[in-house]
1. Using label points projected 7 Å from each Cα along Cα→Cβ, tell me how many nm separate B:LEU83 and A:SER3, to one decimal.
2. Are any of the pairs A:LYS49/A:LYS112; A:LYS112/B:LYS57; A:LYS49/B:LYS57 more than 31 Å apart by Cα-Cα distance, and if so, which?
3. What is the distance in Å between the Cα centroid of the range A:1-45 and that of the range B:1-28?
4. If I take all pairs of Cα atoms in chain B, what percentage of them are more than 21 Å from each other?
5. For the full complex of protein chains and a 1.4 angstrom probe, list B:GLU48, A:GLU16, A:GLU88, B:GLU96 by accessible area with the highest value first.
6. Please average, across the residues of A:101-107, the number of beta carbons from any other chain that are within 10 Å of each residue's own beta carbon, and give a whole number.
7. Just to compare against my own numbers: the Cα pair-distance distribution for the range A:1-95, 5 Å bins, whole % per bin, please.
8. Could you report the accessible area of A:SER28 in Å², rounded to 10, computed with a 1.4 Å probe on the protein chains as they sit in the structure?
Amino acid sequence: AQSVTQLDSQVPVFEEAPVELRCNYSSSVSVYLFWYVQYPNQGLQLLLKYLSGSTLVKGINGFEAEFNKSQTSFHLRKPSVHISDTAEYFCAVSVTAGNKLTFGGGTRVLVKP
Amino acid sequence: KAGVTQTPRYLIKTRGQQVTLSCSPISGHRSVSWYQQTPGQGLQFLFEYFSETQRNKGNFPGRFSGRQFSNSRSEMNVSTLELGDSALYLCASSLERMGYTFGSGTRLTVV
């Protein structure tokens with residue numbers, strides 16, 4: 001079975017400051033990794049994904065994440081946040097069979113002016 | 001192209017009733033998954049359908065069921081509703097292993 005841990009439940013950050021959201025996973029097999037964002041009263045929007053290849057993945061809205069196999073991590077970063085980045089962010093993994101996503105508990109990002 | 005469409009957006013039901021939620025995937029996507037999101041348990045996998053067959057199932061009681069039609073549209077049904085079934089139910093569709101596109105969800109309130 002897989003598990004995902006998002007180490008911070010809430011991250012306050014000032015506008016135009018950088019932010020890093022931490023994600024660690026546990027799995028006995030190779031995984032695919034995803035970051036999703038959820039705005040209030042909405043579904044999940046895919047920010048980026050790691051399937052294979054380069055460990056640095058660039059996504060939408062200026063986000064990027066780095067896959068570190070030895071540390072089983074997939075941290076999300078943005079060099080300069082905007083008020084509109086206020087949302088909840090979810091890290092998720094899936095294995096090659098079954099396509100089931102296992103989510104972390106989420107990190108609420110509050111961007112302050 | 002159109003995204004994943006879930007209907008209805010909001011639903012209020014009484015304990016003991018049953019409910020059916022609908023999901024229309026992105027055209028060409030044959031995999032449809034359902035998730036339950038609650039403040040206490042977070043996002044939990046319910047089941048996944050591929051080409052009308054249930055391919056994977058989460059740890060939910062038998063009151064939760066689903067199906068997929070030949071056009072890939074999917075429905076999930078919850079019978080004998082309990083207060084704890086109040087949640088946001090999310091549907092996602094995907095091409096194999098290429099990531100999931102989620103709908104806006106159905107907010108179910110059981111009173």
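The values are calculated or read from the model by the stated rules, or taken from the named source; none is laboratory data. Please read all numbers here as calculations on a predicted model, not as lab measurements. Glycine gets a Cβ as well: all are built from the backbone with ideal geometry, and neighbour counts include every protein chain shown. The protein model used for the area step is the full one, side chains on, heavy atoms only, and it has no ligands, DNA or RNA in it. Shrake-Rupley method; radii C 1.70, N 1.55, O 1.52, S 1.80 Å.
1. So the label points at B:LEU83 and A:SER3 sit 3.0 nm apart.
2. Working: A:LYS49/A:LYS112 27 Å; A:LYS112/B:LYS57 41 Å; A:LYS49/B:LYS57 23 Å.
Beyond 31 Å: A:LYS112/B:LYS57.
3. Cα centres, the range A:1-45 to the range B:1-28: 26 Å.
4. On the way: 1740 of 6105 pairs.
Beyond 21 Å sits 29 percent of the P(r) for chain B.
5. Values: B:GLU48 0, A:GLU16 135, A:GLU88 30, B:GLU96 70 Å².
Highest to lowest solvent-accessible surface, that is A:GLU16, B:GLU96, A:GLU88, B:GLU48.
6. Details: counts 10, 4, 6, 2, 3, 3, 0.
For this peptide, the per-residue mean of nearby foreign Cβ atoms is 4.
7. Calculated over all Cα pairs of the range A:1-95, the distribution is 3, 13, 26, 26, 18, 10, 4, 1 percent.
8. For A:SER28, solvent-accessible area is about 110 Å².
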